[in-house]
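The values are calculated or read from the model by the stated rules, or taken from the named source; none is laboratory data. What you see is a predicted model; the values in this text were computed from it and never measured. Positions of Cβ are generated from backbone atoms using ideal geometry, with glycine treated the same way; all protein chains shown enter the neighbour counts.
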Amino acid sequence: MAHASATEAHAHEHATQEHHGPQGILKYLWSTDHKVIAMQYLFTGMFMAMVGGFMAYVFRMQLAFPGKSVPLFGYVSPGEYNALITGHGSIMIFWVAMPVLIAAFGNYLIPLMIGADDMVFPRINRLSYQIFLLSVLVILSSLFVKGGGFGGAWTSYPPLSANADYNLTPLGSSMWLVAVALEFVAFLLGGINFITTLMNARAPGMKAYDIPMVPWMIVIASILFMLSVGPLFAGAIMLFFDQNLGTGFFDPTRGGDPVLWQHLFWFFGHPEVYVVLLPAVGIVIDIVATFARKKLFGYKTLLYTAVATGVLSFFVWAHHQFIAGIDPRMANIFTVTTLLISVPIAEMCFVIIATLYGGDIRLKVPMLWALAFVGEFLIGGVTGIFLGASGADAYLHETYFVLAHFHYTFFPIAIIGTFAGFTYWFPKMFGRMMNETLGKIHFWGTIIPFNFIFIPLFVLGLDGQQRRIYNFQNFPELQHLQPVRILATISLVVMLFFQLFFFWNVIRSWRKGPKAEKNPWKSNTLEWTTESPPPHGNWPVDEMPKVYRGPYEYNHPDREEDYWPQNLPA
Amino acid sequence: MAAESAVLTMDSSRPEPRRRPQIVASSVLGMIMFTFTEAMLFAGMISAHAIVRARSAGQMWPPFGQPRLPIEQTAFNTTALLVSGIALVFAHFAYRKRPRQALGPLAIAALLGLFFVVFQGVEWVALLEQGLTLQSSAYGGFFYLIVGAHALHAVAAILCLTWAWFRLRRGALTPAQLGTVEVFWYFVVLVWPLIYLKVYLS
């Protein structure tokens, strides 16, 4: 083969890494092993989740108890409040949901689940994490520069974001843009790697419909990301020029157009929702099939609905601009496409329910998270219908209803989906079993307060409370809602407290949890056929797996055991 | 990096596992994926330009006091770039017959690409003198943004072509490497007529 020398070089590369590579911390930083890079993404993402969670705590405290000093932070000034909500939004989406769901699970699971020894471009993979780390450093340091962090919300609408005379953060706003752009480059490199790996490095015998859902979903999500990120990247360059070179792309007084940014941003921004949703759905599907001990109902249906969601997601973006002065006829079209996209998503829910039906359900901790994902995401999806209809949106736009809606989608995706995947693959990643009791305390301690945070916010939004307001004492007609705000804030504090159980569980299990066998959940997919944790190269060279069947053959009538690993010869 | 890659070329204790046959080499496939994103980047910029252009309906375009773009010279320059792309097609087939035969067409492709970029630079200097700058209007801003983004891609691709030429001369260029560079250069060549149509002729 012509390209053999290139792939050979890669194989040489990570083969020699163990023996000749740099030592110690350098060895860790320069590793090209996909599992090491996945762990780097995972822990960076978790650290950023703590930063984003702390930000949420600070500004929720300000909203519930305005003007009081917040423990661990102090008084919150209006500028700091804006920087905190901006930081919370950007960090949770770009530096938590994306790195954990796509980069961490993608890097860890794609090669293992398709039976490859590594990604096809290990060094590009390493570069991807290094650029990502740089973007983390830039976004964190942007909070401490002169003028403070950027406060123009994660959507960064001009003219507020384009002109330092308006946003008062000349350095912070540019650093925010640079950080986001670097992060996009990192995920672009990652996405190229995922797609190429899935196409070119599958185990012998693994046909398209034998690929488990997690690799499929992450790859579809990567394709969506790569097709949608270009226009936003163009917009980011234009905004950066507006901020620093005095151009007028978004300045209406100089022939520019501020709504143009909204189109470029949301052309990416809406597919982005599905970019993070699909990996979470893949994780949930794998968990549901394993713990229901039943063949996945409608493998192809699920795959096609994911593709349909992806295609449709490119034609819904203008529902974010219903009241930005777009043509009402255009609003009609986008209402229809937006409501249409709930069809494939509902299809996914039906597939999960049909898989559960008649199954031999085992309510282990990962399964609890997976089921919670379906239930909570459903609330997010149903409330989205109100916002997708342009008439209702005219009233609800920019209220707390919107905020509660997208938290009911993003929280299940980014937090519940991550906990589901993390608790499910923890034995494989660290070679130890997690504690079930602590896991269940953490589960209920997260799910119950979560609903008590965001259901009150639906109420606030329906009463007309606008987003991005520093102090509601200035609005007498919203004064009577203060107890509702306090309820949401206290629920948040309770939820954050219960995360301690998670960290305790992780550290405790990591150090002295019972040793995990190769396949603790009796699952079919290939990652469970190697050691826990997998060695460098994943399998011994002469034992690289071959695939004989699809990934969801549970309780097959011809077999004694209720599972049938993909690599067992018939 | 240099020291590390020296380490990496050393013999390995872990042999290459058996791999599935690849219909398209991974590096070519990766580059194709990358050009999809790049195509969307240019689509974003060109459609942003089209939206701002449409908003100015009824007003002068180019705006008052701004020079008109040198359509004729650029038509010539566009031809040079297209010929460069054709030269690379010749290089592709020459390489398949006898690799070293590709040296000539590959050099022509790279040199014509270089000519294109230099010609654009001369054009920019003239336009700057006539008062068309990034800041002078949204018209000027979009011109430099889109053409500049393309020029950056062209320079990167020319560097890749040059790298490929030197590797070919040493006899070290693999078909996958040539294919990867080809995809990148074809993208740079083929996106240009679109830019010419939408930015110069609109």
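Let's see how each residue does on (1) in contact with a Leu (Cβ under 9 Å, 6 or more places away or on another chain); (2) at pLDDT below 95; (3) over 30 Å from B:ALA50 (Cα atoms); (4) in a helix (DSSP H, G or I):
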position: B:LEU161; (1), (2), (3), (4): yes, no, yes, yes
position: B:ARG167; (1), (2), (3), (4): yes, no, yes, yes
position: B:ALA172; (1), (2), (3), (4): no, yes, yes, no
position: B:LEU178; (1), (2), (3), (4): yes, no, yes, yes
position: B:TRP185; (1), (2), (3), (4): yes, no, no, yes
position: B:VAL188; (1), (2), (3), (4): yes, no, no, yes
position: B:PRO193; (1), (2), (3), (4): yes, no, no, yes
position: B:LYS198; (1), (2), (3), (4): no, yes, no, yes
position: B:SER202; (1), (2), (3), (4): no, yes, no, no
Item to complete: Provide a single number: the residues in the stretch B:48-79 that are surrounded by fewer than 17 Cβ atoms within 10 Å (Cβ to Cβ), part of a helix (DSSP H, G or I) and not charged (D, E, K, R).
Response: 8
Item to complete: Can you confirm whether the stretch B:132-148 contains a residue that is at pLDDT below 95, surrounded by fewer than 20 Cβ atoms within 10 Å (Cβ to Cβ) and not in a loop (DSSP other than H, G, I, E, B)?
Response: no
Worksheet item: Among (1) farther than 22 Å from A:VAL229 by Cα; (2) away from chain B (no Cβ under 12 Å), where does A:ASP118 come up short?
Response: (2)
Response to the item:
Restricting attention to the stretch B:121-145, the residues that are of a type in the set (A, V, I, L, M) and more than 9 Å from chain A (Cβ to nearest Cβ) number exactly 6
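Filter the stretch A:121-145 for residues that are of a type in the set (A, V, I, L, M) and not in a loop (DSSP other than H, G, I, E, B) and give the result. Walk me through how you get there before you give the answer.
Of all residues in the stretch A:121-145, those of a type in the set (A, V, I, L, M) come to A:124, A:127, A:131, A:133-134, A:136-140, A:143, A:145.
Within the stretch A:121-145, A:ILE124, A:LEU127, A:ILE131, A:LEU133, A:LEU134, A:VAL136, A:LEU137, A:VAL138, A:ILE139, A:LEU140 meet the criteria.
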Fill in: Checking A:ASN451 against (1) polar (S, T, N, Q); (2) within 20 Å of A:THR409 (Cα to Cα); (3) more than 25 Å from the chain's Cα centre (by Cα), the condition it does not meet
(3)
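Only one of A:VAL307, A:VAL311, A:VAL214 is assigned to a helix (DSSP H, G or I), more than 19 Å from B:ILE51 (Cα to Cα) and without any contact (Cβ under 8 Å) to a residue 12 or more places away in the chain; which? If you could, list the steps in order and put the result at the bottom.
Details: A:VAL307 fails: without any contact (Cβ under 8 Å) to a residue 12 or more places away in the chain; A:VAL214 fails: without any contact (Cβ under 8 Å) to a residue 12 or more places away in the chain.
One residue alone meets the criteria, A:VAL311.
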Worksheet item: Given B:ALA164, B:ALA156, B:ALA126, which one is of a type outside the set (Ser, Thr, Tyr) and surrounded by 16 or more Cβ atoms within 10 Å (Cβ to Cβ)?
Response: B:ALA164
Worksheet item: In the stretch A:556-568, which residues are assigned to a loop (DSSP other than H, G, I, E, B), touching a residue at least 60 places away in the same chain (Cβ under 8 Å) and crowded, with 16+ Cβ neighbours inside 10 Å?
Response: A:GLN566, A:ASN567
Worksheet item: Would it be correct to say that A:TRP266 is in a helix (DSSP H, G or I), away from chain B (no Cβ under 11 Å), under 30 Å from A:HIS34 (Cα atoms) and within 25 Å of the chain's Cα centre (by Cα)?
Response: no
Worksheet item: If you scan the stretch B:24-83, which residues turn out to be more than 10 Å from every other protein chain (Cβ to nearest Cβ), without any contact (Cβ under 8 Å) to a residue 40 or more places away in the chain and under 27 Å from A:ILE326 (Cβ atoms)?
Response: B:ALA57, B:GLY58, B:MET60
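I'd like to know if the stretch A:153-165 contains one or more residues that are part of a helix (DSSP H, G or I) and among the aliphatic types (A, V, I, L, M). Steps first, please.
Residues of the stretch A:153-165 that are part of a helix (DSSP H, G or I), as a first pass: A:164-165.
With the extra rule that they be among the aliphatic types (A, V, I, L, M), the set shrinks to A:164.
Taking every residue of the stretch A:153-165 in turn, at least one turns out to be part of a helix (DSSP H, G or I) and among the aliphatic types (A, V, I, L, M).
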Response to the item:
Of A:THR16, A:THR32, the only residue that is crowded, with 21+ Cβ neighbours inside 10 Å, within 14 Å of chain B (Cβ to nearest Cβ) and modelled with pLDDT under 95 is A:THR32
Worksheet item: Does the stretch B:121-143 contain at least one residue that is farther than 30 Å from A:PHE241 by Cα and within 18 Å of the chain's Cα centre (by Cα)?
Response: no
Worksheet, complete the sentence: Of the residues in the stretch A:541-555, those that are more than 14 Å from A:MET113 (Cβ to Cβ) and either surrounded by 22 or more Cβ atoms within 10 Å (Cβ to Cβ) or in contact with a Leu (Cβ under 7 Å, 6 or more places away or on another chain) (or both) come to A:TYR548, A:TYR554
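Here's the yes/no breakdown for (1) closer than 27 Å to A:TYR552 by Cα; (2) hydroxyl-bearing (Ser, Thr, Tyr); (3) away from chain B (no Cβ under 14 Å):
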{"site": "A:TYR166", "(1), (2), (3)": "no, yes, yes"}
{"site": "A:LEU171", "(1), (2), (3)": "no, no, yes"}
{"site": "A:PHE184", "(1), (2), (3)": "no, no, no"}
{"site": "A:LEU198", "(1), (2), (3)": "yes, no, no"}
{"site": "A:PRO212", "(1), (2), (3)": "yes, no, yes"}
{"site": "A:MET226", "(1), (2), (3)": "no, no, no"}
{"site": "A:GLY230", "(1), (2), (3)": "no, no, no"}
Worksheet item: How do the pairs read when you match residues in the stretch A:527-540 that are closer than 14 Å to A:GLY115 by Cβ and within 14 Å of chain B (Cβ to nearest Cβ) with residues anywhere that are in a loop (DSSP other than H, G, I, E, B) and of a type in the set (Ser, Thr, Tyr), using Cβ under 8 Å and keeping only pairs 6 or more apart or on different chains?
Response: A:ASN538/A:THR530; A:TRP539/A:THR530
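Those residues that are outside any helix (DSSP H, G or I), of a type in the set (Gly, Ala, Ser) and either crowded, with 20+ Cβ neighbours inside 10 Å or touching a Gly at 6+ places or on another chain (Cβ under 7 Å) (or both), I need them from the stretch A:281-304; list them, please.
Kept after step one, since they are outside any helix (DSSP H, G or I), are these residues of the stretch A:281-304: A:292-298.
So of that shortlist, the ones also of a type in the set (Gly, Ala, Ser) come out as A:292, A:298.
A:ALA292, the sole residue that qualifies.
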Discussion item. Here is a list: A:ILE223, A:ILE192, A:ILE237. Which entry is part of a helix (DSSP H, G or I) and surrounded by 24 or more Cβ atoms within 10 Å (Cβ to Cβ)?
Written reply: A:ILE192
Item to complete: Using the structure shown, decide if A:GLY148 is modelled with pLDDT under 95, in a helix (DSSP H, G or I) and more than 23 Å from the chain's Cα centre (by Cα).
Response: no
Fill in: Unmet requirement for A:ASP360, which otherwise passes all of (1) more than 22 Å from the chain's Cα centre (by Cα); (2) at pLDDT 95 or above; (3) among the acidic types (Asp, Glu)
(2)
Practice prompt. May I ask you to verify whether A:ILE124 is under 16 Å from A:LEU29 (Cα atoms) and of a type in the set (Val, Ile, Thr)?
Written response: yes
Worksheet item: Which condition number does A:GLY256 fail, the rest of (1) at the interface with chain B (Cβ under 9 Å from one of its Cβ atoms); (2) crowded, with 24+ Cβ neighbours inside 10 Å; (3) touching a residue at least 24 places away in the same chain (Cβ under 8 Å) being met?
Response: (3)
Worksheet item: So how many residues does the stretch A:195-206 have that are of a type in the set (A, V, I, L, M, F, W, C), surrounded by 22 or more Cβ atoms within 10 Å (Cβ to Cβ) and in a helix (DSSP H, G or I)?
Response: 2
